[in-house]
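Working notes, structure below.
Nothing in this text is a laboratory measurement; each read-out follows from the coordinates by a stated rule. Computed from a prediction, not measured in an experiment: that's the story for all the values here. Glycine gets a Cβ as well: all are built from the backbone with ideal geometry, and neighbour counts include every protein chain shown.
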Amino acid sequence: MSDQASASRILRAAEVLMAERGLGASLQDIAGEAGLRNKSAVHYYFGSRDGLVAAAVNARLNEMESTRMQMLADAESGGRRDDVRSLVSMLVLPMVQIVDGPGSTHFARFFDRLRYHPAINDEHVLRDAGHPSLRIIVGRISNSLTGVPVAERRFRTDSMASCLLSLVADYERVADSLTAEVRERRHQELVDVLTGLVTASTSAPVRH
């Protein structure tokens, strides 16, 4: 087995076991889940538990990056550059597309379970130059919330991000039992709910 294949199997195994057990999942168990006899395999490829988590997060973000950048370009050319629902769909759809892809996944549950780990923390992810689409999308959503006080917009986008992780994790748990038609409807419902959350009317006075 090549180093690349072994590393990939470790990442998938980490998603499964950490989704189920959190950071309590042992590196030895992760290596075993990946089908590797060498108990030191995780240290060899990723250096540490934190290195493994960061690699797993970045692998999935990289997988979604090109899709999100294309969606941004399509929205720009279609006159929907600052349309909040379109922007929210750029966060949701690349995630559910992975869930609906070949083979079962635990990646959304992994993200949700470890949401406060530094590798998944919003500040870290949005500062990462390797994933500019997230910074662009969240920035445009925030700037589009003209009916919300500037001081409250960060709370809205943070709340949306937390709900996004939880809702897609819930979707991942049942996706295999849903028909294609129900899956597509659920995708749109996720976008609707998160759009509603971030654009809900506010009782606070708006000061720009």
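For region 56-199, what does the relative contact order come out to in percent, with C-alpha contacts under 8 Å and a separation of six or more?
On the way: 116 pairs, mean separation 47.8, N = 144.
Result for region 56-199 is 33 percent.
For the chain, the longest principal axis of the alpha carbon atoms and the long axis of helix 132-144 meet at an angle near 30°.
Just add up the charged neighbours of S144: K/R +1, D/E -1, any other residue whose Cβ is under 13 Å from the Cβ of S144. Kindly include the intermediate steps, with their values, before the conclusion.
Numbers: positive: R80, R81, R85, R140, R153, R156; negative: D82, D83.
Local net charge: +4.
Applying D = kT/(6 pi eta Rh) to the chain, where Rh is the Kirkwood radius over alpha-carbon pairs, T corresponds to 25 °C and eta to 0.890 mPa s, the Stokes-Einstein value obtained is 135 µm²/s.
Mind checking region 140-208 for trypsin sites (Lys or Arg not before Pro) that DSSP puts in a loop (not H, G, I, E or B) and that have at most 10 other Cβ atoms within 10 Å? Walk me through the numbers before you get to the answer.
Details: sites: R140, R153, R154, R156, R173, R183, R185, R186, R207; in loops: R207.
Here the sparse-neighbourhood loop sites are R207.
Its DSSP H runs of at least 4 residues, each contributing -39,500 (n - 2.57), put the calculated 222 nm mean residue ellipticity of the chain at -23000 deg cm²/dmol, to the nearest 500.
Under a Cβ-Cβ cut-off of 13 Å, what is the net charge of the residues other than S86 that fall near it, where Lys and Arg count +1 and Asp and Glu count -1?
Working: positive: R68, R80, R81, R85, R140; negative: D74, E76, D82, D83, D192.
So the surrounding residues net to 0.
Test of understanding: ordering H117, H106 by Cβ neighbours within 10 Å, fewest first, what list do you get?
Details: H117 18, H106 21.
Going from sparsest to densest Cβ surroundings: H117, H106.
Based on the Stokes-Einstein relation at 10 °C and a viscosity of 1.306 mPa s, and on the Kirkwood radius from alpha carbon pairs, region 1-47 is assigned a translational diffusion coefficient of 154 µm²/s.
I need the shape label for region 67-160. Rule: rounded when a/c is under 1.5, else prolate if a/b > b/c, else oblate, with a, b, c from the alpha carbon gyration tensor. Numbers along the way, then the final one.
On the way: a/c = 1.91, a/b = 1.22, b/c = 1.56.
Note, shape of region 67-160 comes out oblate.
The magnitude of the dipole of region 56-199, with charges of +1 and -1 set on the Cβ of Lys/Arg and Asp/Glu and taken from the Cα centre, is near 280 debye. Each of A19, A180, A75 was scored by the projection of its Cα onto the charge dipole of the chain, and the greatest displacement toward the positive side belongs to A19; charges sit on the C-beta of Lys, Arg, Asp and Glu.
A Gaussian network model of the chain, with springs between Cα atoms under 10 Å, assigns the largest mean-square fluctuation among A56, A73, A41 to A73.
Taking every C-alpha pair closer than 8 Å and separated by at least 6 residues, the mean separation divided by the residue count of region 1-47 gives a relative contact order of 36 percent.
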